[in-house]
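Read through the structure below, which is laid out as structure tokens, and then see the notes.
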Amino acid sequence: MSQKLSIPEVNALGYEEFIDRFGGAVEHGRLVAAAAWSARPFLSASDLHFRFCEFLDQLSQAGKEAVLRMYPDLAGKLANSGGLTEESVREHKAAGLDSLSADEHRTLSELNEAYKTKFGFPFVICARENKKDAIIQGLKRRMENDVRTEAVTGVNEVKKICHLRLQDLAEDSTSKM
């Protein structure tokens, strides 16, 4: 992971540099980063996060679902084949998803598939704030939601993920996010 930038340093980044650095704050979210860049200058690290969230909040239902579809299944095929982004690999590991038993992996795979069948997008949860048991329970609980509620819930999880990823990349000059 590269060194954290101060907010003045973030504000000084050109468009391409900003997108290259922050395009992964939302999984495969270069468009989200581009929208945030347009809101410069950022007043603080919290303001940087707010600008990412502002873009996500204004999305239509279809837009929210599209953002969720950019996330991988937890402990799914991409994880097994080494196809996760660097950020997702760290987050899977933090949640213990890289050390599932065969039964846990089967349970999570079945729940993920049922979830995607019902909602049309993968289950998204902030893995860095949860462990594998809480993730499995959350998946079961959220299966009870309707599509609109689940898209909002999923995007709220995206915002948590984004916040933690931004904390890894930028900080206020005098204090951290």
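Any read-out appearing in this document is the output of simple, stated calculations on the displayed coordinates, not a laboratory observation. Please read these numbers as outputs of a predicted model, since none were measured by experiment. Positions of Cβ are generated from backbone atoms using ideal geometry, with glycine treated the same way; all protein chains shown enter the neighbour counts.
Descriptive notes on the structure:
- Inter-centroid distance (Cα atoms) of the range 129-166 relative to the range 94-116, Å: 15
- Cα-centred dipole magnitude for the chain, charges only on beta-carbon of K, R (+1) and D, E (-1), debye, nearest 20: 240
- Cβ-placed point charges (K, R +1; D, E -1), dipole of the range 11-54 about Cα centre in debye, nearest 20: 60
- Grouping the Cα pair distances of the range 66-163 into 10 Å bins from zero gives a pair-distance distribution of 16, 56, 27, 1 percent in increasing distance order.
- Intensity falloff of the chain expressed as log10 I(q)/I(0), Debye formula with alpha-carbon point scatterers, at q = 0.17, 0.19 Å⁻¹: -1.04, -1.23
- Dipole orientation for the range 66-163: of the candidates Phe119, Gly138, Val152, Val152 has the Cα lying most toward the positive pole (charges on Cβ; Lys, Arg +1; Asp, Glu -1).
- Rounded to the nearest 20 debye, the dipole size of the range 66-163 about its Cα centre is 180 debye, using +1 on the Cβ of Lys and Arg and -1 on the Cβ of Asp and Glu.
- Difference of contour (0.36 nm per residue) and Cα-Cα distance, Glu17 to Glu54: 11.2 nm
- Cα lying deepest toward the dipole's positive end in the chain, options Phe22, Ile161, Ser38, charges on Cβ: Ile161
- Gain on full stretching of the segment that runs from Lys140 to Asp98 - 0.36 nm per residue minus C-alpha separation: 13.1 nm
- Structure-based [θ]222 nm, the chain - -39500 (n - 2.57) summed over DSSP H runs of at least 4, per residue, nearest 500: -19000 deg cm²/dmol
- Rounded, prolate or oblate (a/c below 1.5 giving rounded, otherwise prolate when a/b exceeds b/c) for the range 103-157 by Cα gyration tensor: oblate
- Neighbour-count ranking [beta-carbon atoms within 10 angstrom, fewest first] of Ser109, Ser60: Ser60, Ser109
- Between Thr107 and Ala66, the contour length at 0.36 nm per residue exceeds the alpha carbon distance by 12.2 nm.
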